[in-house]
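First comes the structure, then the notes that go with it.
The values are calculated or read from the model by the stated rules, or taken from the named source; none is laboratory data. Everything numeric here is computed off the predicted structure, so don't read it as measured data. Cβ placement follows ideal geometry from the backbone for every residue including glycine, while neighbour counts extend to all protein chains displayed. Surface accessibility is based on the protein's heavy atoms, side chains included, excluding ligands, DNA and RNA. Shrake-Rupley method; radii C 1.70, N 1.55, O 1.52, S 1.80 Å.
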Amino acid sequence: MELADGSRKRLEQTGSLWLGVVLVVLLVGIVNYFGWKYHERFDWTASRLYTLSEKTESVLAALDRDVEAVVLMDAGDELYDPVRELLARYEAASRRFRVRMVDPQKSLIEAQGVIDEFELNQLNVVVFDVGGDRRVVEAVDLADYDYSGMQMGQGPTMSAFKGESAFTGALLELVEQTKPRILFTTGHGEMQLDDFSQRGLSSLRELMGRDNAELEEWASLGQPAVPEGTDLLVIAGPTSTFVEPEIAVLRGYLDGGGRLLVMLDPTLAPDGGLVATGLEGLLADYGARVGDDIVIDPANPLPFFGAETLFASSYGDHLITRSLRQRQLPVIVPLARSVTRADGVDGLEITELVRTSSEGWGETDLVNLDAVEQGDADLAGPVPLGVAVELAAAEPEAAEEPAAEAAEGAPVEAADGPSTEDEATAGAAQPAVQPRSFRMVVLGDSDLASNGQLQNVPNVTLVANVLNWLVERDALVGIPPKTPEQVRLSLSQGELSGITWLVMAVLPGLALAAGAVVYRRRRR
């Protein structure tokens with residue numbers, strides 16, 4: 001009987017042990033399954049270096065084909081870790097996106113295969129491949145570097161990581177079937193796309209080229225209409241007047257659902273006022289009033305510059321400025337005029353994009369600019385520096401009203417035409433096809449989009465957001481370059497000596513003292 005009890009006890013112990021093992025295995029399996037199916041990646045960097053923007057998430061969500069990103073980069077390269085981590089976020093966000101890391105130092109044969117497959121002539125590149133169509137992103141496009149420390153014998157440091165902008169731009173080129181066509185007017189002293197000076201637009205052309213846009217110049221004088229297929233027309237900093245036939249062409253373009261970006265500078269005229277561009281009346285008819293003034297903001301001056309150069313971080317509630325408003329990033333505006341809502345314009349949604357502080361004003365006395373102060377005739381702050389305009393959304397009842405009237409109206413006889421029922425049906429179906437409505441952005445400064453000012457990250461974000469919104473890429477707004485963390489520890493000779501004594505003598509001495517105390521207490 002005792003043997004039977006012992007056997008039963010051993011059996012129960014063995015069974016309990018195996019049951020516990022099975023339960024632990026099941027628990028680990030369940031945790032791993034849910035961890036695989038429902039996982040979350042965190043970004044603990046202060047600048048949110050690896051957090052994907054809404055634009056990137058929208059592009060990844062819209063992928064309808066498999067994309068492979070092949071990283072051909074040395075693991076010891078400074079860009080290797082941020083590129084790997086960022087592309088891992090892309091891969092986690094879409095099942096159609098796959099990443100393959102190839103280290104030419106460790107996998108020479110595989111690296112040579114990648115070079116032969118994609119016909120590469122250099123290393124340190126990221127190749128995006130979609131069914132044979134590919135885009136190559138070079139290492140020079142992934143980061144900006146600060147070389148100021150080289151005079152002190154230091155190496156260059158990464159000042160901005162542009163990986164997300166470059167990668168998402170490459171994806172856009174692959175997945176979009178057409179490129180938005182953006183025309184820049186010429187013939188009125190406008191800024192030029194092929195100008196590499198501080199006031200040129202070569203950086204803007206490069207920026208939008210990465211977003212899969214086609215930028216061209218167009219001489220508007222003598223043209224009967226804006227060319228067919230134009231997705232956006234840009235007027236950047238004109239210094240002379242548009243003639244009436246050109247204004248008529250622009251008006252017809254907007255009436256037909258065109259998209260227009262106008263950047264007007266306060267150019268001083270010999271008589272003390274501002275040079276008239278001929279656009280002021282047209283813009284007022286479409287909801288934007290351009291002031292005859294120069295904006296001053298003593299509360300937000302830019303160091304080492306005059307009072308007319310300011311930075312602005314007060315933004316309106318609009319898709320264009322959402323990312324800037326959330327992060328409170330200031331744009332630099334070298335010289336601007338006010339742009340406000342025009343009076344007497346109905347049926348338009350007009351949103352102020354960026355404003356000065358409440359202490360700013362629009363200076364109207366342009367003759368005495370040496371000692372400016374706010375007067376009664378000046379526009380009081382906060383002063384808007386730009387507005388976005390589009391047609392207000394139509395009420396559903398308004399669209400159905402003509403159909404209802406046609407259905408309830410008296411029959412109309414027609415010899416050979418359609419019946420009354422057919423007319424009512426046609427009238428009801430007609431409002432479903434809505435003509436494209438116009439969009440317009442007016443800014444009181446063009447220099448904020450120049451080569452000199454696009455070095456400022458918020459300026460890049462604002463300009464890119466404006467252009468993408470105007471070409472109706474609402475979901476693709478806003479990927480600013482991000483500043484990587486540069487963590488450094490600088491210690492003096494005395495501090496180094498103190499740390500050495502602490503580690504080599506104090507801490508071991510404390511451990512020995514604590515051991516001696518414990519030993520004496522146990523001896524007692």
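Just a few scattered comments:
- Residues satisfying the stated conditions in the stretch 198-213, i.e. in a loop (DSSP other than H, G, I, E, B) and open to solvent by less than 20 Å² (accessible area, probe 1.4 Å): GLY200, LEU201, ASP211, ASN212, ALA213
- Odd one out for LEU79, checked against (1) open to solvent by 40 Å² or more (accessible area, probe 1.4 Å); (2) at pLDDT 85 or above: (1)
- Top-ranked residue in the stretch 273-296 [being over 23 Å from THR356 (Cβ atoms) and in contact (Cβ under 8 Å) with a residue 40 or more places away in the chain; ranked as surrounded by the fewest Cβ atoms within 10 Å (Cβ to Cβ)]: ASP285
- Note on the stretch 321-360: residues that are among the hydrophobic types (A, V, I, L, M, F, W, C) and out of contact with any strand residue (DSSP E or B) (no Cβ under 6 Å at 6 or more places or on another chain) total 3.
- In the stretch 180-197, of all residues being under 22 Å from LEU470 (Cα atoms) and either open to solvent by 50 Å² or more (accessible area, probe 1.4 Å) or of a type in the set (Gly, Ala, Ser) (or both), the one that is modelled with the lowest pLDDT corresponds to ARG181.
- Filter result for the condition that a residue is of a type in the set (D, E, K, R), within 22 Å of LEU174 (Cα to Cα) and at pLDDT below 75, over GLU54, GLU91: GLU54
- Subset of the stretch 49-73 [more than 14 Å from ARG95 (Cα to Cα) and touching a strand residue (DSSP E or B) at 6+ places or on another chain (Cβ under 9 Å)]: LEU49, TYR50, THR51, VAL70, VAL71, LEU72, MET73
- Considering residues of the stretch 214-236 that are touching a residue at least 60 places away in the same chain (Cβ under 8 Å) and touching a Lys or Arg at 6+ places or on another chain (Cβ under 8 Å) only, the residue least open to solvent (accessible area, probe 1.4 Å): LEU232
- When the stretch 82-119 is filtered for residues that are of a type in the set (Asp, Glu) and open to solvent by 40 Å² or more (accessible area, probe 1.4 Å), the ones remaining, listed by number, are GLU85, GLU91, GLU110, ASP116, GLU117, GLU119.
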